[in-house]
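> One structure is given below, represented as structure tokens, and several questions about it will come after.
The values are calculated or read from the model by the stated rules, or taken from the named source; none is laboratory data. Just so we're clear, the structure is a prediction, and the values are computed from it rather than from any experiment. Neighbour counts are summed over all protein chains in view; Cβ atoms, including those assigned to glycine, are modelled from backbone coordinates with ideal geometry. The accessibility values were calculated without ligands, DNA or RNA, using every heavy atom of the protein model including side chains. Shrake-Rupley method; radii C 1.70, N 1.55, O 1.52, S 1.80 Å.
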Amino acid sequence: MIIEVLTIFPDFFKSPLDAGVIRRAIDAGLLEFRALDLRDYTHDRHRTTDDRPFGGGEGMVMVPGPIFEAVDDLRSCEPQPFVVMLSPRGRLLDQEIARELASEKRLVFLCGRYEGIDERVARGCVDMELSIGDYVLSGGETAALVAMEVITRFVPGVLGCGTSAENDSFTTGLLEHPQYTRPREFRGMKVPEVLLGGNHKEIAAWRRSEALRITAQRRPDLLKKAELTDDERRIVKDYLEVDSEHSV
Ligand code: ADE
């Protein structure tokens, strides 16, 4: 997969991409990454990428010219890119969208700064607007990093053999069960007995029931979409009832 980012801060991406899963994916040839400077597509002495908003108001707006030129340039070579503009008004990023985007051969992330981007960019040059949450960042760069990390986890091979983002929290529809490692007892807190016994069936059942409990307690909204058996629905209902008794 190829990911290109259009930004006025290409250096922003240097150190975050130099470690961890993404670095390994790049080294393994599974991911090709380029940060492109939008200012390289300007034609004035000051390399201007923003201007005052028509109609007045605070702040500056990114001008459409350099962005269209950059995207035209990227579209002039194969494979054709899917162009995503990071914006708080976009589709909310979740595991489903990440999986969808991971199937693209080439993604371009367009990062805005200032108060916004001239609306003609959204109308004429992007395929999708994407938000990473209901809050406002100072620019799309951090959002692009988050999106890249979530998406690349779905690219086959990126997580190493046998591991898959398909088993992650949210993909399964539930939050993750708790994990323990050594020591068996730490500051008076013991590892649950069932995990020490080596009975894989019992361990799997415990993990599933803990995932149900934690999801019911912390994110009951997720349960609507989760695939549960009738028994599991009853267990979850009990958790929800106990919680609502405590909260009154
Ligand atoms: N740019 C500013 N805020 C953003 C957000 N929440 N998601 C994506 N891009 C953004």
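> How compact is the range 113-248 by the rule of thumb for globular proteins, expressed as Cα Rg over 2.2 N^0.38 Å?
1.44
> What's the longest piece of the chain with no exposed trypsin sites (Lys or Arg not before Pro), counting a site as exposed if DSSP puts it in a loop and it has at most 13 other beta carbons within 10 Å?
106-183
> Report the longest stretch of the chain that contains none of the GluC sites (Glu not before Pro) sitting in a DSSP loop with at most 16 other Cβ atoms within 10 Å.
Between exposed loop sites, the widest span is 116-175.
> Oh, and also: Using the alpha-carbon centroid of each, what span in Å lies between the range 1-77 and the range 122-165?
15
> While we're on this one: Give the cross-link partners of Lys201 among the lysines, using a straight C-alpha distance below 30 Å as the criterion and excluding same-chain residues fewer than 8 apart.
Within the straight-line cut-off, Lys201 pairs with Lys190, Lys224, Lys225, Lys237.
> Taking all protein chains in place and a 1.4 Å probe, what share, in percent, of the accessible surface of the range 2-152 do carbon and sulfur account for?
50
> Where a Cα-Cα gap under 15 Å defines reach, which aspartates and glutamates qualify for Lys14, not counting those fewer than 8 residues away within the same chain?
Glu4, Asp27, Glu32, Asp37, Glu141, Glu149
> With N residues in the chain, what two-decimal value do you get for its Cα radius of gyration over 2.2 N^0.38 Å?
1.27
> Write down the accessible area per residue of the range 164-248 in Å², having rolled a 1.4 Å probe over the full set of protein chains.
76
> Can you give the angle from 0 to 90° between the axis of helix 64-75 and the longest principal axis of the chain, with both taken from C-alpha atoms, to the nearest 10?
The two axes meet at around 70 degrees.
> Which translational diffusion coefficient, to the nearest whole µm²/s, is obtained for the range 185-247 from the Stokes-Einstein equation, given a Kirkwood hydrodynamic radius over C-alpha pairs, 25 °C and 0.890 mPa s?
186
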